[in-house]
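Report on the following structure.
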Amino acid sequence: MPNSTDTRSASFASRLREKLRSHRPTTKTTLQIGLPTVLLLLIAPITSDVTLFKIGLLLLFAVAAVGLHVLVNWAGELSLAHAGMVGLPALVVAKLSSDHNLSPLELAPIGILIGFALGAVVAATARRVSGLYVTIVTLAAGLAIDRFFFTKPWLVGTGNLKLTAPRLAGLEFGSIQAIYPIIVVVFIGSVFATRRLLDSKLGRALLTVRSDPTIAQAQGINVPAYRAAAYMFAGALAGLAGGFMPLWAQRVTPDSFPLELSFTYLAVVVVAGRGSINGVLGAALLIEGFRQFLSGTSFIAAYLGPVALIVTLTRFPGGLNQFGRMIGGQLAGVVGRFRPGRSPGDAEG
Amino acid sequence: MEISLLNGAFLGVIYGLIAIGLVVVYRVTRIINFAHGEIGMIGAFVFADLWLDHDLPLVLAVGAGIAVSALLGVITEFVVIRPLRGQPRLTVMVGTLGVSSLLLVYAVRRYSPRPRFARPVIEGNGFEIAGLLVRPVQILTLVVALAILALLALVMFKSSFGLRLRATALDSEAAAEVGVRVGRVSMGTWAIAGAIAGLSAILVSSQVVFSAFFMSRLMLRALAAALLGGLTSVTGAFAGGIFLGMAEGVIGFQWIAPGAVEASLAVLVMAVLIVRPKGLVAAEY
Amino acid sequence: MNALLQVDNVSVRFGGLQALDDVSLDIAPGEIAGLIGPNGAGKTTLFNAIGGLVPLRSGGITFDGVDIHRLPAHRRAGLGIGRSFQNLGLMQEQTVETNLLAGLHLNAGYGVLSPLAQPARFVAAEGASRESVTAALDAVGLGDHHQRVVADLSFGVARLVEVAGLLSRHPQLLLLDEPTTGLDAVESEQLKAVLRDAVASGTTLLVVAHDVGFIMDLCRVVHVLAEGRVLYSGSPTGAQNDHRVIESYLGSARR
């Protein structure tokens, strides 16, 4: 073969290029996960315990909100039971921990299962009827959790549940500073796991179902199953957030999960808008963060949720994500102008 | 047992009355108005303020309360429903949730979340039916509910507004093409629904714990009642309300655990939707 | 008789309207069949019946030897029946790439939880999906359209995107509902070439089109539908000379 070396070197070059290309996303992913993790961890030593406590609550709030985001902004469904789906797992974990002298850390994963199961109950109707009716079911489920489970002494105890000190594999987590990294891992882990799922066939199937169920069916998407899956996913993330609540808050009562909280979650995902999880994080910081950190100005704190929801819905339906895409586009334009080789004669990039 | 059934039936009149207002909106806009209860609640608060604190004559106070609720209905239509026309139904419903939350926040801040005194619009000793003491305001609620049903039938089938309303409900685009001003029909509907909400709330206020949440607490029961009637039938919704009330009377009688009614309601709603997604009765009106 | 698709005495009713009345037709494997008829003849309803979007009142449908008329729509797609939609089977607000990747749902090559459970398999399969999207877009000359949002495309270009997406799934049977409307002459020729390539690589086609020239040029077999009944099945030239076809079809066109 006359040009066998040629082909071989060419194939080597293309293999190398391929390898580099396939490697790039992993370094990118490492950065994407590592940078926020490090930043969040660096906050801990420089803040007071009170502030750190609020940050932890905010992170868990965001985890649950991401679940609702997938349900509302990707699948196009609606749930009014989200507070209950966080609260019930939280109370079960707290109760088990206090009754059986178990570490709330080891019990936390049970929260996911309970949340998932609650989602599955709602999903049973989602397989039969359209979103409007399922919304009524979620309202009924949320109310039933609030009025039935949250009033039962066998679940919520008679006063404060005394939690066992958190430990895992022989390690004791005595201080809030020691527990904080666990919350950060839960937050980062769920955000990136969700991001990855949304950027796969699951996310695209949900988009298609929301856009047009008929087209989705013709593409081989099992529409009722995917609608149901969205409810179960939202339930699982709510349960994850709830499951870690006893570990972080040390004290959990039904008062932490009022019916209005379901509305706050909804306001957050509406303000976030369709698309990226980044919008949810921004909206959670805006609405729940405002409430956590600036509760002194209670007038604004009280009206912020409903007003932000109505204004976003009717005036800026794209939400924060639309805003983010606009800024991103502008930035890309600016960066593009300074990129070398684009316009010869320009200074070095 | 008979007493709890009868007592439940009168509770059910309340649910049915609120459910009628939900159905009026659903028929035209095909959405559930989650702000219905709060729109009525504000009207009832205004009524109580004027009647009890400012000693206005009863009729004027009732009129003012109803007017405020009707106005709130119109404002909701203008601020939320109109800009969201053509959006998915769930989006519009989220908008009404926003309104409901906004009104609730306002009421809690303006009047405090604590229960307040409510005087029935008619007083008297009441009388006994089968061992149950029925208060005059309960009878009045029933009469008003039946009157609203009759009036709605008149408006819907005998007036030109009703014709335009039915056309819009059937197909709003087609209605617009034949010259129906869909925007006006929608606004009229919301005014009517708001007025019904206000009147219901004024009547109900003295029969339950009268706080900012009193209508919100009845919302799910009213919604379940409307659902039993298939969401589009006002008579079905009213009958559904009475059925629910009677069921609640029996459940509350047998099983006193807190939340038992809510838990049963959740199971019932799911069962109805899984077994008969179109509602239990299929009535046209 | 080894038909790929066999429609037997199918009837569909909507309330008082008899949309399909005892319709029977066979599609042989590798065939390009045309389905024509005046407006309201029931062409799209027949597609919906085959695809599983409307229930049959009576009759049966067999695909590749399997009785499919009770299967839900997504299962029929899983057996290899693809279809286009008159007003585009695409998500308007998404990019071309997202649309085509979404269309590869059944060909994704991984399970729903694989992105977390089997990351290596997921990355490899996604890479393969993206390559087939690129190949499909290149085949219709839209290789530079990956990141374009569908709503910003002309109807003709969007139609080519839709067909490219359908072909990237390699369906056994492709139902095309009015693929030529909104296409200019060049795009129409391009579409014809793409479809001929697809048939050469094993896809069977059933095409509904108003554009009789397109059908006559492309198809070897033509079925004529009018008022929910099959008027004629046979060669295109035969259809042009059949008096019933001329009466119903051309008569209505003149009206």
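Pairs please, first residue from the stretch B:144-164 and more than 29 Å from residue B:10 (Cβ to Cβ), second anywhere and open to solvent by 40 Å² or more (accessible area, probe 1.4 Å) and at pLDDT below 90, Cβ atoms under 6 Å, 6+ apart in sequence or on different chains.
Going by the 6 Å Cβ cut-off, the qualifying pairs are B:162/B:155.
Considering only the stretch C:171-184, I want to know if a residue exists there that is more than 12 Å from the chain's Cα centre (by Cα), among the small types (Gly, Ala, Ser), over 19 Å from residue C:23 (Cα atoms) and part of a helix (DSSP H, G or I).
For the stretch C:171-184, residues more than 12 Å from the chain's Cα centre (by Cα), among the small types (Gly, Ala, Ser), over 19 Å from residue C:23 (Cα atoms) and part of a helix (DSSP H, G or I): absent.
Answer yes or no as to whether residue B:220 is within 30 Å of residue B:112 (Cα to Cα) and under 11 Å from the mean Cα position of the chain (by Cα).
Values: within 30 Å of residue B:112 (Cα to Cα): yes; under 11 Å from the mean Cα position of the chain (by Cα): yes.
It is true that residue B:220 is within 30 Å of residue B:112 (Cα to Cα) and under 11 Å from the mean Cα position of the chain (by Cα).
Determine the pairs where a residue that is in contact (Cβ under 8 Å) with a residue 24 or more places away in the chain, located within the stretch C:179-197, has a partner that is among the β-branched types (Val, Ile, Thr) with Cβ atoms under 6 Å apart, the partner being 6 or more residues away or on another chain.
As it stands, the answer is C:188/C:180; C:194/C:140, since those pairs meet every condition given.
Looking only at helices (runs of 4 or more DSSP H) that lie completely in the stretch A:227-303, which have at least 2 residues being in contact with a Gly (Cβ under 8 Å, 6 or more places away or on another chain)? It would help to see each step written out before you state the result.
On the way: elements: A:259-272, A:277-284, A:290-293.
Per the criteria, A:259-272, A:277-284.
Can you tell me which residue among B:150, B:191 is hydrophobic (A, V, I, L, M, F, W, C), at pLDDT 85 or above and closer than 29 Å to residue B:212 by Cβ?
On the way: B:150 fails: closer than 29 Å to residue B:212 by Cβ.
Result: B:191 is the single residue among B:150, B:191 that is hydrophobic (A, V, I, L, M, F, W, C), at pLDDT 85 or above and closer than 29 Å to residue B:212 by Cβ.
For the stretch A:287-324, which positions are more than 14 Å from every other protein chain (Cβ to nearest Cβ) and surrounded by 18 or more Cβ atoms within 10 Å (Cβ to Cβ)?
Scanning the stretch A:287-324 gives A:288, A:289, A:320, A:324.
Quick check on my filter: what residues within the stretch B:168-182 are within 17 Å of residue B:157 (Cβ to Cβ) and open to solvent by 60 Å² or more (accessible area, probe 1.4 Å)?
We begin by selecting, within the stretch B:168-182, every residue within 17 Å of residue B:157 (Cβ to Cβ); these are B:168-170, B:175, B:180.
B:170 - this is the single residue of the stretch B:168-182 that is within 17 Å of residue B:157 (Cβ to Cβ) and open to solvent by 60 Å² or more (accessible area, probe 1.4 Å).
Could you name every one of the helices (runs of 4 or more DSSP H) located completely within the stretch B:71-180 that has at least 1 residues being within 14 Å of chain A (Cβ to nearest Cβ)?
Working: elements: B:89-111, B:136-158, B:160-170, B:172-177.
The helices (runs of 4 or more DSSP H) meeting that bar are B:89-111.
Let me spell it out: the conditions are (1) touching a helix residue (DSSP H, G or I) at 6+ places or on another chain (Cβ under 8 Å); (2) open to solvent by 30 Å² or more (accessible area, probe 1.4 Å), and residue B:256 meets all of them except one. Which number is the exception?
Of (1) touching a helix residue (DSSP H, G or I) at 6+ places or on another chain (Cβ under 8 Å); (2) open to solvent by 30 Å² or more (accessible area, probe 1.4 Å), only one is false for residue B:256: (1).
One line per residue, one yes/no per condition, for (1) modelled with pLDDT of 95 or more; (2) open to solvent by 10 Å² or more (accessible area, probe 1.4 Å); (3) within 14 Å of chain C (Cβ to nearest Cβ):
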position	(1), (2), (3)
A:182	no, yes, no
A:211	no, yes, yes
A:234	yes, no, no
A:251	no, yes, no
A:254	no, yes, no
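If residue C:6 satisfies all but one of (1) open to solvent by less than 40 Å² (accessible area, probe 1.4 Å); (2) of a type in the set (S, T, N, Q); (3) under 20 Å from residue C:220 (Cβ atoms), what's the number of the condition it fails?
(1)
When you look at residue C:106, is it surrounded by fewer than 24 Cβ atoms within 10 Å (Cβ to Cβ) and either more than 21 Å from residue A:229 (Cα to Cα) or in contact with a strand residue (DSSP E or B) (Cβ under 9 Å, 6 or more places away or on another chain) (or both), yes or no? Lay out the reasoning, then the answer.
Details: surrounded by fewer than 24 Cβ atoms within 10 Å (Cβ to Cβ): yes; either more than 21 Å from residue A:229 (Cα to Cα) or in contact with a strand residue (DSSP E or B) (Cβ under 9 Å, 6 or more places away or on another chain) (or both): no.
So residue C:106 fails the test.
The values are calculated or read from the model by the stated rules, or taken from the named source; none is laboratory data. Values in this document were obtained by computation on a predicted structure and should not be read as measured data. Please note: Cβ atoms are built from the backbone with ideal geometry, for glycine as well, and neighbour counts cover all protein chains shown. Heads up: the accessible areas ignore ligands, DNA and RNA and are worked out on the full protein's heavy atoms, side chains in. Shrake-Rupley method; radii C 1.70, N 1.55, O 1.52, S 1.80 Å.
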